[in-house]
Amino acid sequence: MSNLPNVIVVILNWNGCDDTLECLDSVVRVDYANFKIVVIDNGSTDGSMHAIPQRYPEVTFLQAGANFGYAGGNNRGISWALEHGADYILILNNDTIVHPDLINVFVQAANYLPIGSILGAKIYFFHRPDTLWFAGGRWNHRLHAFEHIGQNQLDGADYAHRLEVDYITGCALFSSASTFNEVGLLDENFFLTYEETDWCYRARKMQHRCFVIPEAKLWHKVAASFGGRESPLYSYFLTRNKLLWARKHLPLATRINIHKKSMQTLRHILLPRFYLSSSKLPLPKNLLWSFSSWLKTIKRNMAVPTNCAILLGLRDYYMGRFGNCPDQVRSLGKQSEKLTLSG
């Protein structure tokens, strides 16, 4: 055991007690002789602080005391791991189920890959266990957007080889303590989304490389903490943080194109096209009817919680408001849930 590197697994929990317990059920069965688990609780109110230590007293349970987001919560776990002698750190989403060989595979890969490499797993959808959610992250220069390699594809020979990629998802990110010390912690301005992408790009600027290891496998419930990827909360952070990430890492010309797309989205919501009705009404009445219809379109657009969240994300980016989202965004999430239930 003493000859094996010390791996510390960092799992963040925020009102996800059932998911975290199920995740821990799989992690404690990992076939590796020298690892510890630390769970950081981001101020949960769902009984996590009692249920998790009760079932797993051997797991270190840290209470952050408030919701510091994915970045802030994980930073507390990373800092704890660095202070407690970690050789390697695995950041792991609480809504995942891991293969028993996961840590072994990562440690072995770290031995033959360039020093300081950042490693990721082949990740499958939890409810479609043979279908890929992530086999690497890459920047699509044509679309000015990130994409998951292999997403929604059945696993097969095309995804059986180690691959160097642009970034590793924070769903499962493995690297050495020395790399974390060199690159630093996650940027808490992001709060949720893009923080691991930013971290990987910061690391790449320091000559670290990102690899997906196909033998490392886990299954992901996907966006459980967001309430789904179409939720207002997700839309807000994705809108705001993509612009923040672009500002930190992309050349000016590319950033201008991304801002243009943001403005197109803004115009589509707030200023949809005005069409003159084909009605045979007299022109004044036709104009009035068309104008009324145009206003109703804007009203309908603004009644969609996701649209409102996108607008708030754009507003906060341009006003330099980062970190957690406004309470209004979480209210939009509740509104969206009511609309879904009523529909």
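Just so it is clear, none of the values below were taken in a lab; they were calculated from the coordinates. Worth saying up front: this structure is predicted, and the values here are computed from it rather than measured. Positions of Cβ are backbone-derived with ideal geometry, glycine not excepted, and every protein chain shown enters the neighbour counts.
Among 311-323, 75-87, how do they line up by average Cβ neighbours within 10 Å per residue, starting with the highest?
The most tightly packed comes first, giving 75-87, 311-323.
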Subject >> Under the Karplus curve 6.51 cos²θ - 1.76 cosθ + 1.60, θ = phi - 60°, whole-Hz ³J(HN,Hα) for region 101-113, x wherever Gly or Pro sits >> reply: 8, 3, 5, 3, 4, 5, 5, 5, 5, 4, 6, 10, 8
Original post:
Amide H neighbours of L90 under 5 Å, counting only residues 5+ apart in sequence or on other chains, H built in-plane at 1.01 Å?
Top reply: I8, V9, V10
Original post:
Roughly how many whole Å is it from the C-alpha centroid of region 124-162 to that of region 22-98?
Top reply: 26 Å
**OP:** Report, to the nearest 10°, how far helix 252-270 tilts away from the longest principal axis of the Cα atoms in the chain, using its own Cα long axis and a range of 0 to 90°.
**Re:** 50 degrees
Subject >> Entries of K122/K205; K36/K242; K217/K334; K36/K221 with Cα pairs more than 27 Å apart >> reply: K36/K242; K217/K334
Original post:
For the chain, what relative contact order do you get, as a whole percent, if you take Cα pairs closer than 8 Å and at least 6 residues apart?
Top reply: 17 percent
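In the chain, what is the volume of the convex hull around the alpha carbon atoms, normalised per residue and reported in Å³? Write out the running numbers ahead of the final one.
Values: hull volume 56.4 nm³, N = 343.
Here the figure is 164 Å³ per residue.
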Original post:
Relative contact order, percent, of region 232-342 when contacts are C-alpha pairs under 8 Å separated by at least 6 residues?
Top reply: 44 percent
**OP:** First obtain the Kirkwood hydrodynamic radius of region 284-334 from its Cα pairs, then insert it into the Stokes-Einstein equation at 20 °C and 1.002 mPa s, and state the resulting D in µm² per second as a whole number.
**Re:** 167 µm²/s
**OP:** May I ask for the angle, rounded to the nearest 10°, between helix 17-27 and the longest principal axis of the chain, with both axes built from Cα atoms and the value confined to 0 to 90°?
**Re:** 40 degrees
Original post:
Any idea what angle helix 327-342 forms with the longest principal axis of the chain, computed on alpha-carbon atoms, 0 to 90 degrees, nearest 10?
Top reply: 80 degrees
Original post:
What is the calculated FRET efficiency for K280 to A303, with r their C-beta to C-beta distance and R₀ = 41 Å, to the nearest 0.05?
Top reply: 0.85
